[in-house]
Amino acid sequence: MIAERKDDHVRFAAEQQRRLGGTNQFDEVSFVHHALAGIDRSDVSLATGFGGIDWQVPLYINAMTGGSERTGSINRDLAIAARETGVPIATGSMSAYFAEASVADTFGVIRRENPDGFVMANINANATADKARRAVDLLRADALQIHLNIIQETVMPEGDRSFSAWAPQIEKIVGGVDVPVIVKEVGFGVSRETVLLLRDMGVSVADVAGRGGTDFARIENDRRRDADYGYLGGWGQSAPACLLDAQGTGMPLLASGGVRHPLDVVRALALGAAAVGVSGGFLRTVLDGGVSALVARIITWLDQLEALMTALGARTPAELTRCDVLVHGDLRAFCADRGIDTGRLATRSSSYDSTHDTVEGIR
Ligand code: FNR
């Protein structure tokens, strides 16, 4: 049953990617163009650090799959692409492994193909600390991701219906593993309030995983006989909205959800993300074109990321948070309602103060 669900997710997510419209809320973030801001490309470094983690690049392959033969071979391809390009990679939820140990290698293949890379094991918020340790051990994982997916579970025909144990369980997991814990959504975003709760539980990093790309309300609805939850499509906050909302919380942030190209990566970094993850878009590339297509795509993205940082005058991903950014449309209305000062974002390069090296405190 779990294996079938994992195959469904891949099939529906890939179909969704092929149907996705061209726009999302990343388009409501633009840079003020400063014609003399450019620096030398040789001075640009993509390295990033956050919550006790150091990566050579601010881009990663986010959680997707494992648990069936087909998804095991997809994980193999994703792991090879990660190894060839040096990007970190996450497994999909390892609940299938907890239910049936024989599928271990559909996850373990990620470490086997990528022995020296940064690997994240992914579990749900119901998992015990013991299961969390088993997941980390199987992968020799460098970090643990815990996913929050209330809306997905609600629409999933066979999904969970009890959620109150999640918060205390996350605290137990944090106390029970010796790798950094990243808590992520699955495409509905995290609010400022959620980020503050996670911070106070001792979670190292929050991955906002916002709306605008893969939509698990729609995917699970397609798996329902009556498809009667169609109205939940589009639920949640976008990654840019989440990043703006969570400024000033002091929590290291990763951004994912609806990232389409290197400009979206740069936008997310400028809004305070330490690195940016992609799932559905990279899945589609690997399914349509194989490993070589994904390797080529990631290399192009990293190259263009450096090019954009050079033009914007940012020597590091963190320096993008000094760039002047304009917020438009519905995102601007969201900021107004949530008390976020967008005017300060638009003028921050000239008011930059080296004693405040981040965009924290923009409220
Ligand atoms: C996912 N995602 C996901 N997340 C997670 O934490 N555990 C999981 O098992 C899965 N499974 C999964 C399967 C497939 C096929 C896709 C495409 C995605 C969610 C993923 O990590 C990410 O948060 C969302 O997909 C939003 O990012 P994109 O797809 O818009 O880049």
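Computed from the coordinates by the stated procedures, all read-outs in this text should not be read as laboratory data. If you're wondering where the values come from, they're calculated on a predicted model, not measured in any experiment. We place every Cβ from the backbone using ideal geometry, glycine too, and count neighbours over all the protein chains shown.
For the peptides 335-346, 283-294, residues were scored by their other Cβ atoms within 10 Å and the scores averaged per peptide; the highest-first order is 283-294, 335-346.
In summary, the chain shows an alpha-carbon radius of gyration equal to 0.94 times the 2.2 N^0.38 Å reference for compact globular proteins. For the chain, the dipole from Cβ point charges (+1 on Lys and Arg, -1 on Asp and Glu) about the Cα centre works out to 220 debye, to the nearest 20. Here's how it looks for Q145: its modeled amide H is under 5 Å from those of A121, N122, I123, I182, which are all 5 or more places away or on a different chain. Spatial offset of region 172-247 relative to region 31-55 amounts to 27 Å, using the alpha carbon center of each. Along the axis of the charge dipole computed for the chain (Cβ charges of +1 for Lys and Arg, -1 for Asp and Glu, origin at the Cα centre), the listed residues G248, L232, V181 are led at the positive end by L232. Considering only C335, L294, G258, and ranking their Cα positions along the charge dipole of region 200-335 that arises from unit charges at the beta-carbon of Lys, Arg, Asp and Glu, the one farthest toward the positive end is L294. 3J(HN,Hα) along region 132-138: 4, 5, 4, 5, 4, 5, 4 Hz, from the Karplus curve 6.51 cos²θ - 1.76 cosθ + 1.60 with θ = phi - 60°, whole Hz, x for Gly and Pro. Global dimensions of region 121-225 from alpha-carbon coordinates: Rg and Dmax equal 13.8, 42 Å.
Given their separation in residues at 0.36 nm each and the Cα-Cα distance between them, A227 and D337 gain 36.3 nm when the chain is fully extended.
For K172, the lysines whose Cα falls under 24 Å of its own Cα, not counting residues fewer than eight places away in the same chain, are K131, K184. Between amide H atoms placed 1.01 Å from N, distances below 5 Å from Y60 occur with V276, G277, V278, all of them 5 or more places distant or on a separate chain.
Across the chain, the relative contact order, built from alpha-carbon pairs under 8 Å that are at least six residues apart, equals 20 percent. The helix-only estimate of mean residue ellipticity at 222 nm for the chain, built from DSSP H runs of length n ≥ 4 each weighted as -39500 (n - 2.57), is -13000 deg cm²/dmol after division by the residue total.
For region 220-331, relative contact order (Cα pairs under 8 Å, six or more residues apart, normalised by length) works out to 24 percent.
Sorted from longest to shortest, the spans of the Cα atoms of region 213-338 along the three principal axes equal 52, 45, 26 Å.
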